1. Taking the mean number of other Cβ atoms within 10 Å as a proxy for protection, how do you rank 180-190, 149-159 from highest to lowest?
2. Within 10 Å of each residue's Cβ, count the other Cβ atoms and sort 239, 17 from fewest upward.
3. Quick one: of the DSSP bridges fully inside the chain, what percent are antiparallel, nearest 5?
4. Taking springs between alpha-carbon atoms closer than 10 angstrom, which of 199, 310, 34 fluctuates most in the Gaussian network model of the chain?
5. Using 7 Å Cα-to-Cβ label points, what is the residue 249/residue 50 separation (nm, one decimal)?
6. Work out how far the C-alpha atoms of region 219-281 reach from end to end along every principal axis, then list the three figures in whole Å, largest first.
7. Please work out how much length the chain gains when fully extended from residue 126 to residue 325, using 0.36 nm per residue of separation minus the C-alpha to C-alpha distance, in nm with one decimal.
8. Could you tell me how many degrees, from 0 to 90 and to the nearest 10, lie between the Cα long axis of helix 53-63 and the main elongation axis, the longest principal axis, of the Cα atoms of the chain?
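Here, each number is a calculation from the coordinates, and none is a lab measurement. Because the structure is predicted, anything quoted here is derived from the model rather than measured. Cβ coordinates were reconstructed from backbone atoms using ideal geometry, including for glycine residues, and neighbour counts include every protein chain displayed.
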Ligand code: UDP
Ligand code: MG
């Protein structure tokens, strides 16, 4: 038998989770008919949701023994959610997908066909359109991929997604990269392996709203660049060298000019401009340096990528304990009454 773990990071997904569960059960049931060797486990990750996501996990775990979940102590971000899911998965194959049905479960059989006999180590989807996304967002996304691929050795495919059907070997490779600043698109690409891209048209979210703001995406893309490229550092060094050369030429020119034409106080505006320009440049380059330093600082602290608060195991144990305690309580009142009767009786005697 081959076990497939389906990892789903969730943040405030109460609206879409029931739909997702129905859909994934439909697809996995039909897959079991087509590929009798398959078994499934569903590993949900609750990334500190503020709605009823965790309650839905609990009721799914009550209903379906194959449902497992990890609930974080707070919101750690999707990257942490995926890492936790991969780390706790037990399958020979692991699927990572979003809960919002933007990663259609209907692709799973096709994906499995590619990885089934090890021809590919990973099957993933690639959106060829960004239908339903705002124009500005798409423009920035395209520019990001363009820049990223220019300045980084790790190739990041435009439109590649975190919807992946992976072999255990690839999952272990991804897990071996235990860095704190996680940029999965880069990590999945960095580990190599044979990857099959299945192209498809973008699907809009089934329900709920995206947790990504434009600013959030912008910061995430900067993080991606810094995690997989040191080009900004090189650019700042280059700027430094360039300005040194300009300064050197200016110094010689100024000295000659002073020797030939004598000293005068004109040129004040130029001086101010030059001072502003170069202090700006210096601060900019120090800032880039600082960004890398801060990343290094966070990495050296070696903080955990996520913190678990509850799992289906803890939940089931607590539930059994509660039921036991409640049963004991139901028996208890009678004995309490007897005790109090006995006590009042003894009072009368006195
Ligand atoms: N998600 C998460 N933690 C977060 C934000 C998002 O686990 O802090 C999950 C979310 O529940 C969903 C997936 O990541 O399953 C993708 O999120 P979303 O649909 O909001 O992003 P988009 O599809 O717009 O990129
Ligand atoms: Mg989505």
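1. On the way: 180-190: 19.6, 149-159: 14.9.
Descending mean neighbour count gives 180-190, 149-159.
2. With the fewest neighbours first, 239, 17 line up as 239, 17.
3. In the chain, DSSP labels about 30 percent of beta bridges as antiparallel.
4. Residue with maximal mean-square fluctuation among 199, 310, 34: 34.
5. 5.5 nm
6. 54, 20, 9
7. Here the segment from residue 126 to residue 325 would lengthen by 66.4 nm.
8. Long axis of 53-63 versus the principal axis of the chain: about 40 degrees.
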